[in-house]
Amino acid sequence: MRAFQILIDGFAISALYALGATGFTLIFGVSGVLNLSHGAIMVAAAVAAWAAASILNVGTYAGALIGVGVALLTSFATYFAVVKPIQDSRRIPNEEKEIFVLTGTLLWGIMIQEVIAYLFTNNAKTVLPIVEGVVEILGVRTPRNEIFTAIVCCFVIALLWLLVNRTRTGKAVLAASMNPRGVTLLGLELTNIYVVVWAIYGILAGIAGVLLGMFLGVSSYSVGPLTASAFSIVVLGGLGSVSGSLIAAFVVGYLETLTAYLVSPAYRTIPALLLLVFVMYIRPQGLLGRR
């Protein structure tokens, strides 16, 4: 029974990680940006959904939408206020822009974290679940919300696949990830593609953040671990590889779940980080990395 419980919990948390990491990977694949404010954006979405539903009493569904909207706005703010000014700057040498973007997004994430802590304290918040109740599966009592979380994550990832592979906009994004210069020669504006990618990322991070708030709860202290988990997944799967990130998300998700059950929740992120170090030694490009 316990093994089946670990299987269910691991799948739900892995699906959440996969959803968040997919957007993280998409941004890097298209624009070469490692967004270290990722965890802060997810937490902002969850806290906004909690505040809207619990304090403003707008309802669970409206609260969830508000949370996703806050993540979308925060994503745009990250791009237009932090990333784009650095990328467009003529004072910063091109070879140094990546480290400036890393530093800028890291500091931006810390600022978001401090604002959340100031406005809502550091106490953990649990977003009101959209689906309530418990269902028994093979003798294991499982919250309906946990199953709902896994289904929504898989559905959104499937929609993203359809968008990228079956629409004109998605194909432009895919082309930009392979050859940005070639896209420019075809007459497409890279800035517009970047805006679309950051919008997609904001929505994905928002949905993942709200669902995480319903599933496990979040606080301002969750920012660092969430960013670290996303970074581990993306590097483990291979920078720029969405498929690799999806595989790595399930590896990390189940490792963390096993550690939480068998050792202690306080140490759940350690095995994934150790695995990352090991993989970096034997295969620096990650599981399915191109670069």
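The values are calculated or read from the model by the stated rules, or taken from the named source; none is laboratory data. Remember, it's a predicted structure, so these values are computed and weren't measured experimentally. When we count neighbours, we look across all protein chains shown, and the Cβ atoms used for this are built from the backbone with ideal geometry, even at glycine.
Assorted remarks:
- In region 174-214, residue modelled with the lowest pLDDT [restricted to those that are among the hydrophobic types (A, V, I, L, M, F, W, C) and outside any helix (DSSP H, G or I)]: L186
Residue-wise test of (1) free of Cβ contacts under 8 Å to residues at least 60 places away in the same chain; (2) farther than 30 Å from V277 by Cα.
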{"position": "I151", "(1), (2)": "yes, yes"}
{"position": "T167", "(1), (2)": "yes, yes"}
{"position": "Y194", "(1), (2)": "no, yes"}
{"position": "V197", "(1), (2)": "no, no"}
{"position": "G209", "(1), (2)": "no, no"}
{"position": "S232", "(1), (2)": "yes, no"}
{"position": "G240", "(1), (2)": "no, no"}
